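Chemist: Here it is: the structure, laid out below.
The values are calculated or read from the model by the stated rules, or taken from the named source; none is laboratory data. Since we're looking at a predicted model, the values are computed, not measured. Please note: Cβ atoms are built from the backbone with ideal geometry, for glycine as well, and neighbour counts cover all protein chains shown. The protein model used for the area step is the full one, side chains on, heavy atoms only, and it has no ligands, DNA or RNA in it. Shrake-Rupley method; radii C 1.70, N 1.55, O 1.52, S 1.80 Å.
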Amino acid sequence: MAELNLVLMGPPGAGKGTQAERLVDDFDLPYYATGDILRQAVKDGSALGREAKQYMDRGDLVPDDLICRVIMERLDSEEAADGFLLDGFPRTVRQAETLDEALEERGRELSAALLIDAPDEEVIRRLSGRRICVKNQHLYHVEFDPPKTEGVCDQDGSGLVQREDDKPETVKKRLDVYHDQTEPLIESYEGKALLRRFDGTRSADEVHAHIRATLATLRLEAEL
Ligand SMILES: [Zn+2]
């Protein structure tokens, strides 16, 4: 079977996590979130993990080439032999080049970059509407999933608050960083005909059906 080597991209709040879970089920692909992989490597105390920890302890960014080596360790494993779903790396054109080179050395290449897109105002609306209960972290949304009584948790009666990460000013800052880093990357993948765009404002079911159909076609084409 043709490999499905996938990169997942998109702004926060566009539904990447939900779609990733479904794709992992559909196509039986291992899912690698970069942050988790790095933390795991550090926790395991592997050679690369210890190297990464030195940067983290100093509060420095882990260099692209080191992150890439940590990721490649996973992509080289048996479970990723038929493909993978990578989330959170690459974020920049430089990182994408590093990944491309590493894959090329192994005679592999990306199959597609999946972009689940949503306009900024929609992301802000989704994220800034989230509320969380202070006692048990139950989640609500003022618009899509409101509690029966405003500001009060249905399940335990405790107060609902907005997380710092979900405040509109914080979301705007995250989106600015996202756009600065990712737009050149999106253009680069578009130039290589690897980009597949999905409308994250549609329902999760619709987005899922669209991605599934796209990947099924991709796999068929690769096998021809
Ligand atoms: Zn609660």
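Chemist: Listed residues Gly49, Gly13; which is small (Gly, Ala, Ser), in contact with a helix residue (DSSP H, G or I) (Cβ under 8 Å, 6 or more places away or on another chain) and open to solvent by less than 10 Å² (accessible area, probe 1.4 Å)? Quick ask: steps written out before the conclusion?
Modeler: On the way: Gly13 fails: open to solvent by less than 10 Å² (accessible area, probe 1.4 Å).
Step by step, each of Gly49, Gly13 is checked, and only Gly49 is small (Gly, Ala, Ser), in contact with a helix residue (DSSP H, G or I) (Cβ under 8 Å, 6 or more places away or on another chain) and open to solvent by less than 10 Å² (accessible area, probe 1.4 Å).
Chemist: Run Arg131 past the list (1) more than 24 Å from Ile211 (Cβ to Cβ); (2) away from the ligand (no atom under 16 Å from the Cβ); (3) in contact with a strand residue (DSSP E or B) (Cβ under 8 Å, 6 or more places away or on another chain); (4) open to solvent by 50 Å² or more (accessible area, probe 1.4 Å) and report the number of the one that doesn't hold.
Modeler: It fails just one condition, (2).
Chemist: Then there's this: On the given criteria, is Leu175 within 16 Å of the ligand (Cβ to nearest atom) and either within 15 Å of Gly10 (Cα to Cα) or free of Cβ contacts under 8 Å to residues at least 12 places away in the same chain (or both)? If you could, list the steps in order and put the result at the bottom.
Modeler: Working: within 16 Å of the ligand (Cβ to nearest atom): no; either within 15 Å of Gly10 (Cα to Cα) or free of Cβ contacts under 8 Å to residues at least 12 places away in the same chain (or both): yes.
Spelling it out, it is not the case that Leu175 is within 16 Å of the ligand (Cβ to nearest atom) and either within 15 Å of Gly10 (Cα to Cα) or free of Cβ contacts under 8 Å to residues at least 12 places away in the same chain (or both).
Chemist: For the range 144-166, give me each residue that is touching a Ser or Thr at 6+ places or on another chain (Cβ under 8 Å) and either within 16 Å of the ligand (Cβ to nearest atom) or open to solvent by less than 60 Å² (accessible area, probe 1.4 Å) (or both). So that I can check it myself, show each step before the final result.
Modeler: Here is the first cut: in the range 144-166, the residues touching a Ser or Thr at 6+ places or on another chain (Cβ under 8 Å) are 152, 162, 164, 166.
Those that are touching a Ser or Thr at 6+ places or on another chain (Cβ under 8 Å) and either within 16 Å of the ligand (Cβ to nearest atom) or open to solvent by less than 60 Å² (accessible area, probe 1.4 Å) (or both): Val152, Gln162, Asp166.
Chemist: Condition first: over 20 Å from the mean Cα position of the chain (by Cα) and over 21 Å from Leu23 (Cβ atoms). Can you find one or more residues in the range 118-128 that meet it?
Modeler: Of all residues in the range 118-128, those over 20 Å from the mean Cα position of the chain (by Cα) come to none.
Taking every residue of the range 118-128 in turn, none turns out to be over 20 Å from the mean Cα position of the chain (by Cα) and over 21 Å from Leu23 (Cβ atoms).
Chemist: Right, another one. Does Thr217 satisfy being more than 24 Å from Phe89 (Cα to Cα) and hydroxyl-bearing (Ser, Thr, Tyr)? It would help to see each step written out before you state the result.
Modeler: Values: more than 24 Å from Phe89 (Cα to Cα): yes; hydroxyl-bearing (Ser, Thr, Tyr): yes.
So Thr217 passes the test.
Chemist: Okay, moving on. What's the number of the condition Ile124 fails, among (1) β-branched (Val, Ile, Thr); (2) open to solvent by 30 Å² or more (accessible area, probe 1.4 Å); (3) within 16 Å of the ligand (Cβ to nearest atom)?
Modeler: Failing condition for Ile124: (3).
Chemist: What is the residue count in the range 27-46 for residues that are open to solvent by 40 Å² or more (accessible area, probe 1.4 Å) and out of contact with any helix residue (DSSP H, G or I) (no Cβ under 6 Å at 6 or more places or on another chain)?
Modeler: Just the residues of the range 27-46 that are open to solvent by 40 Å² or more (accessible area, probe 1.4 Å), to begin with: 28, 31, 36, 39-40, 43-44.
Restricting the remaining residues to those that are out of contact with any helix residue (DSSP H, G or I) (no Cβ under 6 Å at 6 or more places or on another chain) gives 28, 36, 39-40, 43-44.
Result for the range 27-46: 6.
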